[in-house]
Amino acid sequence: MNSLKYMRADEQMEAGAGIVPEPLIGTWLNTNTATQGITRAILAVKDERIVLRIFAAGDPAFDWGETGTSFFATDSSSTEAMAFSAFYDFGFMETQLQAHVRQGVLIIAKFDRFKDNSGRSNYFSKEFFYRAETSA
């Protein structure tokens, strides 16, 4: 797996376009246990690509499903992922996620745009996540 080059799910892999996603792979939990937004974000390797699965507050939790991701490094000479973006289309609303890690905390910025002519305002939110402990 060390030689794999990861790109967004709907893009083809290209030589030289690889960013190592391992620093972001895993389960991230919201630091605010009372959030009404995203409770958990899971980045995983699936069929040689990286997918994001989001869970939002609710009873039971609302599973957004899987979507592809684009990874970003600190600069053009770095190969280690420190940020990602992803997109969800719920039909009535589109959600763009942009996230980065700062001092071990994953910060997810969420941009929601309504498409249903409901008159609701598009809005922005930001939440903070810590890496879940993995069992050995």
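Looking at segment 89-100, is at least one residue aliphatic (A, V, I, L, M), more than 16 Å from E127 (Cα to Cα) and at pLDDT below 95? Taking every residue of segment 89-100 in turn, none turns out to be aliphatic (A, V, I, L, M), more than 16 Å from E127 (Cα to Cα) and at pLDDT below 95. I want to confirm something. Restricting to segment 1-16 and keeping residues that are open to solvent by 20 Å² or more (accessible area, probe 1.4 Å) and within 16 Å of S85 (Cα to Cα), which single residue is modelled with the highest pLDDT? If we take residues in segment 1-16 being open to solvent by 20 Å² or more (accessible area, probe 1.4 Å) and within 16 Å of S85 (Cα to Cα), then E11 is modelled with the highest pLDDT. Pairs linking a residue in segment 57-72 that is of a type in the set (A, V, I, L, M) to a residue that is surrounded by fewer than 12 Cβ atoms within 10 Å (Cβ to Cβ), with Cβ atoms under 7 Å and 6 or more positions apart or on different chains, are A57/Q36.
The residue pairs whose first member lies in segment 113-136 and is farther than 17 Å from A34 by Cα and free of Cβ contacts under 8 Å to residues at least 60 places away in the same chain, whose second member is open to solvent by 100 Å² or more (accessible area, probe 1.4 Å) and outside any strand (DSSP E or B), and whose beta carbons are closer than 8 Å, counting only pairs six or more residues apart or on different chains, are F114/R120. No other residue among F114, F72 is aromatic (F, W, Y), out of contact with any Leu (no Cβ under 7 Å at 6 or more places or on another chain) and at pLDDT below 95 apart from F72. Take the conditions (1) surrounded by fewer than 14 Cβ atoms within 10 Å (Cβ to Cβ); (2) at pLDDT 90 or above; (3) at positive phi; G26 misses just one of them, which is (1).
The values are calculated or read from the model by the stated rules, or taken from the named source; none is laboratory data. This one's a predicted model, so the numbers in the text were calculated from it and none came from an experiment. Here the Cβ is made from the backbone with ideal geometry for all residues, glycine too, and neighbour counts use every protein chain on show. Ligands, DNA and RNA are stripped out before the accessible areas are found, and what is left, the full protein with its side chains, is counted by its heavy atoms. Shrake-Rupley method; radii C 1.70, N 1.55, O 1.52, S 1.80 Å.
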